[in-house]
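Down below is the structure, laid out as structure tokens.
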Amino acid sequence: MKRLLLCLLLVLAVLVGAMLILPGLVPSSVYRERIETMASSALDREVTLSGEVALSVFPTLSARVEGIRVANPEGFSHPNMIEAGALRARIRLLPLLFRTVEIGEISLLSPTIRLEKRADGQANWMLGSAGPEADEAEDEAVSPSGGGSGEARLDRARLVDANVFYTDHTEGRTIALTGFSAEARMRSLRAPLTSRGRGEINEEGFSYDIRLGSVDDLIAGRTTPLSLEVDTDHAALSYDGTLINGQIPGLRGAFRIEARNGQDLLPPDHPLVGPLQLIGQLDLSGEIDGALIAPVFRELRLRQSSDWLTTRYDGGISLAYDRPLQGTLSLSGPDLRGLLGQLDVDLPEGERLGAFELTGTLGGTLSRPRLNQTRLALDALRGSGLLGADLDGPRPKLVATLDFPTLDLTPFFGAEAAASEAPPSLDKDWSDDPLALDGLKLVDADLDLTADRVILDEIHLEQARVQVGLDRGRLTIRFRPDDTLPGFRAFEGAWSGDIDLDASRTVPHLQLRAEASGIAARQLLRDLTGFGGVSGLGDVSLDLRARGNSLKALVSALDGTVNTRLDDGLFGGVDMTQMVRAAGTLQADIRNGTFGMSSFGSAFGRGAETDFTQLVGKLSLTQGVAEIDELSFHNATLSVSGTGQIDLGRRRLDIQLTPRVTIDQAGTTATLGVGQLEVPLRIQGPWTAPGFAPDARVVENALRSRLQDRLTNELTRRLAPNLSPTPEADTPSEESEDTARPSLEQQIIGRALRDLGRRGD
């Protein structure tokens, strides 16, 4: 027996000696070639080892491989995908006998890894060509329910001074992880896994420290403790709680996020740097519970501060679809115009849109958030009510019920810059720029707005209530809250009506219906057009339709009707009673060949005016041209009727007014004219500067008609002397034959006779 034991000890000594001596007797080139062959076959890439290869067996199984190179496929920018200084590993032998893997150390030193995605989408990290059998074998190896039940221990795994470069040519993006060193430890699969490391991402330093309760729980899909701390040059993140590794991973615990300067989180040329400037400093903490795709946040405390925006929020927010929201929100800033500029929102020039504040109580759900008890302030504007949104439909829908003591909309129309200029003018042509209506298709809206006073530059609306709807690009504005109340008061009158703008069509359609009673005409015309020549109180109704892609196209396509009636007013710039009384002067001027405004003396110009008891006007519009169906105004001694056109597209008018004056108590009337011939007053030209003059066409046409009669009589008298010509009635009396200057009638007759003579030749 003793001899047997000695023999066994001798054999064991020989084996141990062989384990110690034989690895040193085998040339390193044998290991190198074998490793290169096996690695190249497994990765389907050329693998080369340019450095030393060392192997030892006792007391631990250890290996060191230096100068590792893994080649890139052809077509990539660098010949190698991986370059590493050395790979070192140590595994204890005796625990293997008990089916326990104890890794003393595994280290990868100074690796450089280049991950690249070409413009055609091919990536260099797609290694090998594993088929279904390989996939099944891999699944079997990692399955927690497999036949093996061994233990594992990792004393130390290190990555030392690693550099990883990621380049995506499809998006033009590059990420560089440099100087990265990390280590991990795990005493067993049931023991905690700890890891920590530090490095730089795109030259921004970071560090992390993580502790996972149990890898065994993680593999088995059980809840396990998790703590995490990540710190960068500009931000920090911490979490302490549990990791729920079910079918959908989740978290339950406390977290905190801090950002020291939001804009520094991204490269300077990143498109989101501008919006991140609004964040500035951020401190967000609270509790998170639930799946990562829809967590519930409780006890939230948000504090954000930058030069543009300050935010405070306390409460809870749920990203789950049907969970209620609850909390208090406050937003404020010194310069709303500057804030919107950071978001690339174009606004008209102006000095307003400065300090702002929004507060309220958050309610509703994630799909239908509501800000109740809302209070908002912007410059001098103050409002309160409800703000919300509905996110269930194909487009977000804005919902609001707001009340304003004073609602100044002037800044939104850029009217501040023109406040010091002259009153508005209509000299310029209508804009032919395409209407910017695409934004109406992006959201829907249901707004109910009330205001004691609305300011639109020089226009002031009182007691306004407007209901605005927007549905798939179709805008409706109702300033008719019910059948008894007007939509607003303006120009001393009450207004109600509807505006419909359908921007969902290729060519937008506009329809406008409005009624006003008791309006002050002078104030209305002066504020809207700069013309204040008509005064009076009265009613207006209009029903207009148009279609077009620009303001000019819409005006030139207007169809519909406009009716107005004014009481007890003035028509400035002309005294029509004096005009009629100057008819005798007009008749003398016609005889003398002077036919113009000088015939009426002071009937025109500054200080001249015509008062009226009532003015009635009815217009029919077709393709932007308004035909005057009825135009009349009168006072105790004067009545005026009119006809003509107003061309809205060309901004011109051509109106004829026929005045008639009662000259005695018997009711005898006189009119502007020559004898029984009525001569209208013609108002013609651009509507900002029309010309006033007697209508010479009427006189000339009448004289030409009489000329034809006289020519007929003259020819009859000469060809048939015995026939007496028919005396002319109502013909202006002729001057004596020795009159030095021919009258206008004689000039017309002379021209006609000369033309007749030339045609006879």
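Read-outs throughout are calculated quantities, based only on the coordinates presented, and are distinct from any laboratory measurement. Remember, predicted model here, so these are calculated numbers, not experimental data. As a convention, Cβ positions derive from the backbone with ideal geometry for all residues, glycine included, and neighbour counts pool all protein chains shown.
The label-point distance for Glu46 and Glu630, in a model that sets each label 7 Å from Cα toward Cβ, rounds to 10.0 nm. Legend: calculated FRET efficiency, Asn202 to Arg697, from the Cβ-Cβ distance at R0 = 56 Å, rounded to 0.05, equals 0.10.
Quick one: length gained pulling Arg395 to Asp471 fully straight, 0.36 nm per residue minus the C-alpha distance?
Values: separation 76, 0.36 × 76 = 27.36 nm, distance 0.93 nm.
Result: 26.4 nm gained on full extension.
A simple spin-label model places the labels of Lys552 and Ala220 7.9 nm from each other, with each point 7 Å out along Cα-to-Cβ.
Within the range 189-320, the ratio Rg/Rh, alpha carbon atoms throughout and Rh by Kirkwood, equals 1.02.
Taken along the Cα-to-beta-carbon direction at a fixed 7 Å, the label points for Gln578 and Thr174 span 8.5 nm. Multiplying the residue separation of Val507 and Asp283 by 0.36 nm and removing their Cα-Cα distance gives an extension gain of 75.7 nm.
If a spin label sat at a point 7 angstrom from the Cα of Ala355 along the line to its beta carbon, the backbone N atoms of the range 305-333 nearer than 13 Å would be those of 332-333.
Efficiency by 1/(1 + (r/R0)^6): what FRET value for Ala436 and Ser517, r their Cβ-Cβ distance, R0 = 41 Å, to the nearest 0.05? Between Ala436 and Ser517 the formula returns 0.75. The HN-Hα couplings worked out from phi for the range 296-304 by the Karplus form 6.51 cos²θ - 1.76 cosθ + 1.60 (θ = phi - 60°) are 10, 9, 10, 6, 5, 9, 10, 10, 10 Hz, whole numbers, x standing for Gly and Pro.
First measure r as the distance between the Cβ atoms of Ala123 and Arg303, then evaluate 1/(1 + (r/R0)^6) with R0 = 41 Å and state the FRET efficiency to the nearest 0.05.
0.45
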